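The structure under discussion appears below in the form of structure tokens.
The values are calculated or read from the model by the stated rules, or taken from the named source; none is laboratory data. Quick caveat, the model's predicted, so the values are computed rather than measured. For neighbour counting, all protein chains shown are included, and Cβ atoms are generated from backbone atoms with ideal geometry for every residue, glycine included.
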Amino acid sequence: MSDVPVGRHALLSDCNSAALVTGAGSVDWLCLPRFDSAPALARLLDDDAGHFLIAPSSDAFSSSWRYRPCGLVLDTTWSSVDGELIVTDAMALGARERGHELGHSAPGVQGLFIAACPDEAGKFFAFLARAAATTQLGRGTDLQIMFGIGGERDLSERELGHLSGWRDSAPVRAGNDAWEQRQLDVYGSLLDAAHTLREQLHDLDEQTRQFLVSAVDAAAQRWDQDDQGLWEIRGPARPYLHSKLMCWVALDRGLALTDQLSPGPEKTQAWTETRARVRESILDNGWSESAGAYTQYYGCDDLDASILLMAILGFLPPGDLRMRASIDAIEHGLSDERGLLYRYRGGDGLEGAEGTFLLCTFWLAHAMAVTGQVQRAREILERAAGYATDLGLFAEQVDTATGELLGNFPQAFSHLGLANAAQALADAERAQPPPQPGGTRLPRSAPHTQRSHR
């Protein structure tokens, strides 16, 4: 079995696939030719599953590693009294891959993404339209929550019995049976992304425009139905508050995109009326007096970190007393001794315990920032950011007992959560009144990107 800690890996990528390299210089994970291909090297999951290593044969060396400033080019250095050996690892871009220039005037990482890849927004939504519109929303069924990189729809799980798993954490599985789950939040995630990238969506083709309009319609038609929720809980469908919230987001962002989507006056009026009904339902049914907070699903008292998105996504104003009470309840009810947040504390139909989630902790910092609790936001952000590796990478989870990194690594959601929270904190600090004479102003955080889900 592999016993290398999750956080002792570096990431390499050529934008088509990825490799994980250990601090000892061993390539222990590599899928070719795509991210979701079968692994060519997989010692990460089994000692006999293959690796590639260039390193000194002697142990009389100390080692260090770093990324070069230009990107995912890794230098691993072995040093001894006799000299140094440097191994440079990279996955080269193909000869036809074009370079990108970063716009100096673009604000934050969102702006840098748009300046660097101005054609990617349209391509992303066109991909989804091709993968789903004609076979799913077009037939009145739910939008599938995930697809393969090539647009594959069947992502059924299968066990890989020949692999022992990281630290013997068998069974090892490929695929994800959650692809068949009903998760109504997908409509809000889709439309929120479209709204974020709206400046790039003026020339939508008709298929993509119809796809986005159909997604808003689906949210309007299904918002009051039960589902499995954001966390892919394997149990009975329930009226999850986050799912209702994201249906509201789909309607709200769809209305903000009427210039691009051209839904027509009747549909616009219907969306407006339904948005108001969803909001009323959440406010009337999502609050628990006994918990003193908005809770995981209607009629329960369970706290859930996803409730923080009510503040982050603008559903409730910064000064709303119930929203602030919910933030406080989540901080105190879901934090571990390290001050990091669990997603929730109830069962989810899966075996074993899980750690705290860095994304949820960054959500807490973000929610604190947008509700004006700037000092607390900075403290939480810095605490969670301290769990980056020496290469600046974040995992999905942190072991409550040991502080070791766990779960998916590197985890894109954790990095995005940091970026979003840092941007929100920077905005909140800029909005503060100037310090009084003799006072101290907190240093500003570097701006980052817009929120992204899933």
Exercise for the section: Could you list, in sequence order, all residues of segment 230-274 that are more than 27 Å from ARG343 (Cβ to Cβ) and either charged (D, E, K, R) or not assigned by the TED database to the domain that holds TYR297 (or both)? Expected result: ASP259, GLU266, LYS267, GLU273
Practice task
Take the residues in segment 46-65 that are in contact (Cβ under 8 Å) with a residue 40 or more places away in the chain and in contact with a strand residue (DSSP E or B) (Cβ under 6 Å, 6 or more places away or on another chain), then tell me which one is surrounded by the most Cβ atoms within 10 Å (Cβ to Cβ).
Solution key: TRP65
Practice task
Go through the residues of segment 206-225 one by one and say whether even a single one is among the hydroxyl-bearing types (Ser, Thr, Tyr) and closer than 23 Å to ILE312 by Cα.
Solution key: no
Problem - The one condition in (1) modelled with pLDDT under 95; (2) loosely packed, with under 14 Cβ neighbours inside 10 Å that ASP284 fails to fulfil - result: (1)
Exercise for the section: Output the residues belonging to segment 198-224 that are without any contact (Cβ under 8 Å) to a residue 60 or more places away in the chain and closer than 30 Å to ARG345 by Cβ. Expected result: ALA219, TRP223, ASP224
Exercise for the section: Identify, by number, the condition in (1) free of Cβ contacts under 8 Å to residues at least 60 places away in the same chain; (2) over 28 Å from GLU331 (Cβ atoms); (3) surrounded by 21 or more Cβ atoms within 10 Å (Cβ to Cβ); (4) touching a Pro at 6+ places or on another chain (Cβ under 9 Å) that ASP227 doesn't meet. Expected result: (2)
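Any residue at all in segment 373-388 that's on the phi > 0 side of the Ramachandran plot and surrounded by fewer than 19 Cβ atoms within 10 Å (Cβ to Cβ)?
Taking segment 373-388 first, the residues on the phi > 0 side of the Ramachandran plot are none.
No: zero hits.
Can you find even one residue in segment 310-325 that is surrounded by 17 or more Cβ atoms within 10 Å (Cβ to Cβ), free of Cβ contacts under 8 Å to residues at least 60 places away in the same chain and within 23 Å of the chain's Cα centre (by Cα)? Please lay out each step first, then the result.
Here is the first cut: in segment 310-325, the ones surrounded by 17 or more Cβ atoms within 10 Å (Cβ to Cβ) are 310-313, 315-316, 323-324.
With free of Cβ contacts under 8 Å to residues at least 60 places away in the same chain added as a condition, the list becomes 316, 323-324.
After this cut, where a residue has to be within 23 Å of the chain's Cα centre (by Cα) as well, the list is 316, 323.
Taking every residue of segment 310-325 in turn, at least one turns out to be surrounded by 17 or more Cβ atoms within 10 Å (Cβ to Cβ), free of Cβ contacts under 8 Å to residues at least 60 places away in the same chain and within 23 Å of the chain's Cα centre (by Cα).
Quick check on segment 258-279: of everything there that is touching a Lys or Arg at 6+ places or on another chain (Cβ under 8 Å) and either at pLDDT below 95 or acidic (Asp, Glu) (or both), which residue is surrounded by the fewest Cβ atoms within 10 Å (Cβ to Cβ)?
Filtering segment 258-279 for residues that are touching a Lys or Arg at 6+ places or on another chain (Cβ under 8 Å) and either at pLDDT below 95 or acidic (Asp, Glu) (or both), the one surrounded by the fewest Cβ atoms within 10 Å (Cβ to Cβ) comes out as SER262.
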Handout entry: ALA126 vs. criteria outside any loop (DSSP other than H, G, I, E, B), in contact with a Lys or Arg (Cβ under 8 Å, 6 or more places away or on another chain) and at pLDDT 65 or above
Key = no
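I want to confirm something. Restricting to segment 193-248 and keeping residues that are basic (Lys, Arg), part of a helix (DSSP H, G or I) and over 23 Å from ALA293 (Cβ atoms), which single residue is modelled with the lowest pLDDT? Show your work before the answer.
Taking segment 193-248 first, the residues basic (Lys, Arg) are 198, 209, 222, 234, 238, 244.
With the extra rule that they be part of a helix (DSSP H, G or I), the set shrinks to 198, 209, 222, 244.
Those left that are additionally over 23 Å from ALA293 (Cβ atoms): 198, 209, 222.
Numbers: ARG198: 83, ARG209: 88, ARG222: 94.
If we take residues in segment 193-248 being basic (Lys, Arg), part of a helix (DSSP H, G or I) and over 23 Å from ALA293 (Cβ atoms), then ARG198 is modelled with the lowest pLDDT.
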Handout entry: Test: residue in segment 256-276 that is closer than 17 Å to ILE327 by Cβ, out of contact with any helix residue (DSSP H, G or I) (no Cβ under 7 Å at 6 or more places or on another chain), touching a residue at least 24 places away in the same chain (Cβ under 8 Å) and charged (D, E, K, R)
Key = no
Practice task
Could you please find all residues in segment 9-45 being surrounded by 17 or more Cβ atoms within 10 Å (Cβ to Cβ), assigned to a loop (DSSP other than H, G, I, E, B) and at negative phi?
Solution key: SER17, GLY23, ALA42, ARG43, LEU44, LEU45
